[in-house]
Amino acid sequence: MATYVAFLRAINLGAKRKFPKADLQRVVEETGASDVAVHLNTGNVRLTSRQRSTSAVESTLEKAFLADRGFEVPTVVLTPAELVAVVADAGEVAGEAPFDVAAHYVTFMREVPSTEAVELLTHVGEGEATTVRGRAVHLLLDGKDRYHQVKLPAAHDRAMGVWTNRNLTVVRDLAERWG
């Protein structure tokens, strides 16, 4: 049995993508997972599974979510060690920023990006910078938190494939709880 941390994308946004914590826990348990814990109502799940790879867990969860909810729920799964490494990388990445960091987000990608995608995703602009470490993209912002005003081009979204993001505060908390 192995432990995994699943990050669900785009749930509990608007009236049509509701997935309450209790239902989420039930669906994950129905896949045969055990030791299931759900943190917040934004799709952060720890589970123990007999499956041996993050991709197998992603596939199983996505099929179960679609069957239960009637809509697709893109899911990125990490091991606890990967989650702890992302937090360790965050301190180093923030220390390399060309400005004082006021906000830090982490985007988790399903796949390790290609060299070309890393080049596209690495960006330093006016008050924002991105750095890729493994399957995580760290977005750093100066000044006030203005995540929804980031100027990264749409090509970044395509280069990331299946992804979801979290504020570093949540990522740190999850690494402490589940790492």
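Computed over the alpha-carbon pairs of the stretch 76-179, the distance histogram in 10 Å steps reads 16, 51, 31, 2 percent, short to long.
Direction-averaged projected area, Cα convex hull, the stretch 13-111: 7.7 nm², rounded to one decimal.
Among the GluC sites (Glu not before Pro) found in the stretch 52-118, those both in a DSSP coil and sparsely packed, with 15 or fewer other Cβ atoms within 10 Å of their Cβ, are 72, 96, 111.
Short-range pairs are left out: with C-alpha atoms under 8 Å and at least six residues apart, the relative contact order of the stretch 1-95 is 36 percent. Sorting 1, 109, 160 by solvent-accessible area of protein heavy atoms yields 1, 160, 109, largest first, with a 1.4 Å probe. The order of the peptides 130-139, 22-31, 9-18 by mean Cβ neighbours within 10 Å, most packed first, is 130-139, 22-31, 9-18. Per residue, the chain reaches -11500 deg cm²/dmol at 222 nm when only DSSP H runs of four or more residues are counted, each adding -39500 (n - 2.57). Evaluated with a Cβ-only charge set (Lys, Arg +1; Asp, Glu -1), the stretch 1-97 carries a dipole of roughly 460 debye about its Cα centre, given to the nearest 20. Share of pairwise Cα-Cα distances greater than 13 Å in the stretch 40-86 is 61 percent (whole percent). Roughly what angle does helix 80-95 make with the longest principal axis of the chain, taking Cα atoms, 0 to 90 degrees, to the nearest 10? With both axes taken from Cα atoms, the answer is about 10 degrees. About its Cα centre, the stretch 3-46 has a charge dipole of approximately 300 debye under the convention of +1 per Lys or Arg Cβ and -1 per Asp or Glu Cβ, with nothing else charged. Could you calculate the contour length gain from residue 59 to residue 39, that is, 0.36 nm times the residue separation minus the distance between their Cα atoms, to one decimal place in nm? This chain segment gains 5.1 nm when fully extended.
Write down the accessible area per residue of the chain in Å², having rolled a 1.4 Å probe over the full set of protein chains.
With the other protein chains kept in place, the chain gives 50 Å² per residue.
In the chain, taking the dipole from charged Cβ atoms about the Cα centre, the farthest positive-side position among 19, 103, 124 is held by 19.
Of the solvent-accessible surface of the stretch 17-96, computed with a 1.4 Å probe and all protein chains present, 51% belongs to carbon and sulfur.
Projecting the Cα atoms of 134, 49, 162 onto the charge dipole of the chain (Cβ charges, centred on the Cα centre) puts 49 farthest toward the positive pole.
Size descriptors for the chain: radius of gyration and Dmax over Cα atoms are 16.2, 47 Å. Charge dipole of the chain (Cα centre as origin; +1 on each Lys and Arg Cβ, -1 on each Asp and Glu Cβ, all else neutral): 680 debye, rounded to the nearest 20.
The values are calculated or read from the model by the stated rules, or taken from the named source; none is laboratory data. These numbers were taken from a predicted model, which means no experiment stands behind them. A quick note on method: Cβ atoms are made from the backbone with ideal geometry, for glycine too, and the neighbour counts reach across all protein chains shown. For the accessible areas, the whole protein counts, side chains as well, though only heavy atoms, and no ligand, DNA or RNA atoms are used. Shrake-Rupley method; radii C 1.70, N 1.55, O 1.52, S 1.80 Å.
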